[in-house]
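What follows draws every value from the coordinates through simple rules; no lab data is involved. Treat the numbers as computed from the prediction; the structure is a model and nothing was measured. Positions of Cβ are backbone-derived with ideal geometry, glycine not excepted, and every protein chain shown enters the neighbour counts.
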Ligand SMILES: NC(=O)c1ccc[n+]([C@@H]2O[C@H](COP(=O)([O-])OP(=O)(O)OC[C@H]3O[C@@H](n4cnc5c(N)ncnc54)[C@H](O)[C@@H]3O)[C@@H](O)[C@H]2O)c1
Ligand SMILES: O=P(O)(O)OC[C@@H](O)[C@@H](O)[C@H](O)[C@H](O)CO
């Protein structure tokens, strides 16, 4: 069928044409399960991870609940989701036990979407529903942040924590502080101790807003803010293959989502809460643990550290996809060296187990179905470098008294990657082989690099001055990196070669 003739996936189409097929092999009743979850974030990750888990549980008749999704920002994709009655197709693909696996199914765990900025009253009204006891969120690392200007009565408050604080206050008031009406809050943002941080900000906002101490007690005692760590590579809407996939499906799906098969959710929390969210009964890889820290450090430093440290090196070497870099002789060697030589030795865990963990990650990176773009991963690279890569550099230098050459090369490459002088629509323009690419990061970070590179281009500063200013920028790194032994000298050598000879030549020299 021609693309223009394809009907859009929605409930009517599903019920008439698909129910009972391989794509929709579930009983119709799961389309009407009650709303039990409040979800902040309509993005790809939650839909391919948490909502997939609710869908799986519902199929087994376990959870019997759906999520109301709140779009927490002004511009988002919630209307696309509502146009399809919350339905979308999820492709999970990869290699399992040496075999290619390609699973596709229509997800049903989203009841509807609400826009926080135009439907805040409706969002607050949900707080009065007794059966909505779970909150999940993914608002990116930028989402869990304190905004001193937030107001309780704003419609809505600006930050995500303030939105949740206002919601919880409505619930507290409506149920007269009933200790049974607290919520289980499961944030998945990839920041350290996401649950603790969210709770801390909410308590601070309660102070700012002069709310009664009984509310704060209710927040602390009757609500469970859990720290969690997620792991699944989700690549979202498949722009490159959408025509083929829609032809295969026989319908149009503007919310189609893609990811790998592997998944892990580690939740730090009391096992007694498991009964409310019984993931374990649906064969899901969800671990309840007493201490999340080792899982987080290992995953963030190795998997995300490998991603973030390789972004500028691979991209400026002319490689666009993660898989292609891991399969490339030079880049593949770089990623391995960065992980095995510079990252793993700083981690306090069994080294052989860590190496095994890393090798499995490289296999995941090679997933033939996953087109994971370096440019997508490059989003907010400065803050990601600070949290995901810099700790390995610092510990390597300060604790092991060695110079982590590969990660320092990556830092020099990052500076070269941010070589732009012009910001347009909050994006910094930079060039690879004369072709423009756009860097997305905090406005301050973009302005910082644009100003330095302009001065350099106008011969007002030397490369060494530029590097010194970047390394000394506490606002970027949280500390002055020029104080780290050998770092500046080593980074200068690399940056100079990258600037003069290009990324590939510099990389080759690194291995000589
Ligand atoms: N994609 C993955 O493979 C993956 C895996 C693990 C974790 N994550 C986490 O997910 C995040 C990206 O999510 P995605 O892949 O779904 O991307 P996405 O662009 O599809 O979704 C981003 C979501 O964040 C919300 N958001 C963005 N900025 C916000 C802000 N300032 N305040 C409140 N909400 C905001 C948006 O409304 C949207 O729902 C990353 O920051 C990462 O920590 C992603
Ligand atoms: O999602 P980001 O932008 O925070 O980071 C990019 C990737 O490193 C990340 O999405 C990983 O693929 C993911 O964390 C795997 O679980």
Q: Distance between Cα centroids, segment 20-76 to segment 78-109: provide it in whole Å.
A: 11
Q) What whole number of Å gives the distance from the Cα centroid of segment 315-388 to the Cα centroid of segment 226-280? A) 21
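Determine, from the Cβ-Cβ distance of residue 19 and residue 447 and an R0 of 51 Å, the FRET efficiency 1/(1 + (r/R0)^6), rounded to the nearest 0.05.
FRET efficiency, residue 19 to residue 447: 0.45.
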Q) Based only on the alpha carbon positions, what is the Kirkwood hydrodynamic radius of segment 293-510, in angstrom? A) 17.4
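Rank-order 382-390, 152-160 by packing density, defined as the average count of other C-beta atoms within 10 Å over each peptide's residues, highest first.
382-390, 152-160
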Q. Among rounded, prolate and oblate, which fits segment 445-510 when a ≥ b ≥ c are the square roots of the eigenvalues of its C-alpha gyration tensor, a/c under 1.5 means rounded, and a/b larger than b/c means prolate?
A. oblate
Q | Alpha-carbon Rg with Dmax, taken over the chain, Å | A | 23.9, 70
Q: Quick one: grab the alpha carbon gyration tensor of segment 151-211, order the square roots of its eigenvalues as a ≥ b ≥ c, and give me rounded if a/c is under 1.5, else prolate or oblate depending on whether a/b is larger than b/c.
A: oblate
Q) Packing-wise, with mean Cβ within 10 Å as the measure, how do 404-413, 238-247 rank, highest first? A) 404-413, 238-247
Q. When the helix-only estimate is applied to the chain (DSSP H runs of n ≥ 4, each -39,500 (n - 2.57), divided by the residue count), what is the mean residue ellipticity at 222 nm, nearest 500 deg cm²/dmol?
A. -11500 deg cm²/dmol
**Q.** Tensor-based shape of segment 3-74 (alpha-carbon gyration tensor, a/c under 1.5 rounded, otherwise prolate or oblate)
**A.** oblate
Q.
Can you compute the radius of gyration and Dmax for segment 3-289, using only the Cα atoms, both in Å?
A. 19.0, 60
**Q.** Computed lengthening from residue 192 to residue 352, 0.36 nm per intervening residue step minus Cα-Cα distance
**A.** 55.1 nm
Q) Taking Cα atoms, how many degrees apart are the long axis of helix 50-59 and the longest axis of the chain, rounded to 10 and kept between 0 and 90? A) 40
